[in-house]
1. Can you tell me which residues in segment 39-67 are outside any loop (DSSP other than H, G, I, E, B), over 14 Å from the mean Cα position of the chain (by Cα) and surrounded by 10 or more Cβ atoms within 10 Å (Cβ to Cβ)?
2. Return the pair list, or none, for Cβ contacts closer than 6 Å from residues in segment 38-49 that are under 16 Å from residue 6 (Cβ atoms) to residues that are surrounded by 12 or more Cβ atoms within 10 Å (Cβ to Cβ) and among the aliphatic types (A, V, I, L, M), at least 6 apart or on different chains.
3. Hey, could you check segment 6-38 for residues that are surrounded by 13 or more Cβ atoms within 10 Å (Cβ to Cβ) and small (Gly, Ala, Ser) and say which is farthest from residue 54 (Cα to Cα)?
4. For residue 3, only one of the following conditions fails: (1) at pLDDT below 95; (2) surrounded by 14 or more Cβ atoms within 10 Å (Cβ to Cβ); (3) in contact with an Asp or Glu (Cβ under 8 Å, 6 or more places away or on another chain). What is its number?
Amino acid sequence: MKKEILIYGLERGETRRYTEALLSTQCQTAADIEKVKEAASAAGYHSFRIAVYDGSPPNFAAAVNFI
């Protein structure tokens, strides 16, 4: 499966990370990412986060530590 680049950002005045908005899933290059960030900044978004999803299911066992 092709990797998907996800761009998230916070709306103007927002500081709570759990309220991030998904801004784009259509980027293929670094230039595309910058275009989205510039347009989102002009619309008032800030604190951008880039994530890459490759279609594989998450491995929750690796993420959980039992003491």
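The values are calculated or read from the model by the stated rules, or taken from the named source; none is laboratory data. From a predicted model like this one, the values you see are computed outputs, not experimental measurements. FYI the Cβ positions are ideal-geometry reconstructions off the backbone, even for glycines, and counts take in every protein chain you see.
1. 39, 41
2. Sorted first by the residue in segment 38-49, then by its partner, the pairs are 40/23; 47/10.
3. Looking at the filtered set, the residue picked out is 9.
4. The single condition residue 3 does not satisfy is (2).
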